[in-house]
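The structure under discussion appears below in the form of structure tokens.
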Amino acid sequence: MNVSFDEEEYLLQKETYKIIGVGMEVHRVLGKGFSEIVYKDALEYEFNKKGISFEREKEFLIRYKEKILPHKFYADFVIENEII
């Protein structure tokens, strides 16, 4: 499939296209009904297979005004150091 990308119109198009493709592949193979952790494991497998760099369950401190909040945010995946 030939897809053209215009980075001025939409940032990180190529990366987003790859991520959506991975998600669709996981859904195609597994379908629905599993727990979230199963889908995360399958996504991790596909990201590794396709050479997409990622961090899983990345921890972020959250600042609210001048205070760091006591609870942290955990992103399921941070992909290519840019997409959560």
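Run GLU36 past the list (1) modelled with pLDDT under 90; (2) surrounded by fewer than 10 Cβ atoms within 10 Å (Cβ to Cβ) and report the number of the one that doesn't hold.
Exception for GLU36: condition (1).
Just to be sure before I move on: is GLU15 in a loop (DSSP other than H, G, I, E, B), at pLDDT below 95 and either more than 12 Å from the chain's Cα centre (by Cα) or surrounded by 11 or more Cβ atoms within 10 Å (Cβ to Cβ) (or both) in the structure I sent?
no
Given the conditions (1) touching a residue at least 12 places away in the same chain (Cβ under 8 Å); (2) out of contact with any Lys or Arg (no Cβ under 8 Å at 6 or more places or on another chain), report the number of the one that GLU8 does not fulfil.
(1)
State whether the residues of region 47-58 include one that is surrounded by 10 or more Cβ atoms within 10 Å (Cβ to Cβ), of a type in the set (Val, Ile, Thr), under 19 Å from ILE19 (Cβ atoms) and within 14 Å of the chain's Cα centre (by Cα).
Yes.
If only one of GLU44, GLU59 is in contact with a strand residue (DSSP E or B) (Cβ under 8 Å, 6 or more places away or on another chain), assigned to a helix (DSSP H, G or I) and acidic (Asp, Glu), which one is it?
GLU44
For residues that are without any contact (Cβ under 8 Å) to a residue 60 or more places away in the chain and under 15 Å from LYS18 (Cβ atoms), scanning just region 59-83, find the one that is farthest from the chain's Cα centre (by Cα).
Within region 59-83, the match that is farthest from the chain's Cα centre (by Cα) is ASN81.
The values are calculated or read from the model by the stated rules, or taken from the named source; none is laboratory data. Please read these numbers as outputs of a predicted model, since none were measured by experiment. Every residue, glycine as well, gets a Cβ built from its backbone with ideal geometry; the counts of neighbours run over all protein chains shown.
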